[in-house]
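Readers should treat all values here as calculations from the given coordinates under stated rules, not as data from a laboratory. This structure is a prediction, so every number in the text was calculated from the model and none was measured. When we count neighbours, we look across all protein chains shown, and the Cβ atoms used for this are built from the backbone with ideal geometry, even at glycine.
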Amino acid sequence: MNKIKQQPISLPSGESGFTIIESLLAIIVVTILMIGLAPVITLAVATRVQAKRVEWATQAAQTYIDDVRQAPGDTEDIMVTTDPKVTAPAPPNPGNLTCDARDYCTSPSTDLYCVDGDGDGECTTGSIKDMIVQAFGYPNSALANQGYRSYQLGIRVYRADAFDSSNSFTPGNPQSTWTGGTGLNPDQPPLFVTTTEIVVDDIQEFRELCDAASVTGC
């Protein structure tokens, strides 16, 4: 007895076409969602990178302060004649950067100090971890008359990778840890700004600092 073979049931062409349309619609919806989320993801990543840079800049400032306190009299080249919090200019327009680790730069300005974040022995424009500290010293003659020898140390920290010919620096308020969409701005404010007081025990060293700053009454 021959068994009757069951013929496969073929779906109408309309039903299989509907499945393809559903797949296409799903792809389109996912694409639209990804396009909408992409700016949010990009901004979140950029903000995280910026926050990390501010953290590195804060650590660089502390490193520089520690170095200065070990030799507070070796800062004649950064002395200024007026309060640096008010009148200190921004770094000159960059174009090159010549700085050895834990030392003052020879270019573009000698008031810049290299904090080598990536450990290669120098600060370069190709590093995202290297930080450049701009420092100013201002002797306090009023306190010196009372026998208290110290100077105000003003500090601004900039990214080393911003020292190229396409950027210029501003002495304004420090950058926020939130990027705020300013990553393409050629005007680079400091990542971190602070001031601290440096005590100078040696009388002769303090007088030399006062002379370098043209401050009388020390």
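Quick look at the values:
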| item | result |
| --- | --- |
| Residue-wise HN-Hα coupling along the range 118-135, computed from phi with Karplus coefficients 6.51, -1.76, 1.60 (Hz; x: Gly, Pro) | 9, x, 9, x, 7, 9, 10, 6, x, 10, 8, 9, 5, 10, 10, 9, 9, 10 |
| Long-range amide H partners of ASP103 with built H, under 5 Å | CYS114 |
| Length released on extending from SER109 to ILE32, taking residue separation times 0.36 nm less the Cα-Cα span | 22.7 nm |
| Peptides 102-111, 189-198, 153-162 ordered by average Cβ neighbours within 10 Å, highest first | 153-162, 189-198, 102-111 |
| Charge sum, other residues only, whose C-beta stays under 11 Å from ASP120's C-beta, Lys/Arg counted +1 and Asp/Glu -1 | -4 |
| Mean Cβ neighbour count within 10 Å, used as a protection proxy, ranking 131-141, 52-62 highest first | 131-141, 52-62 |
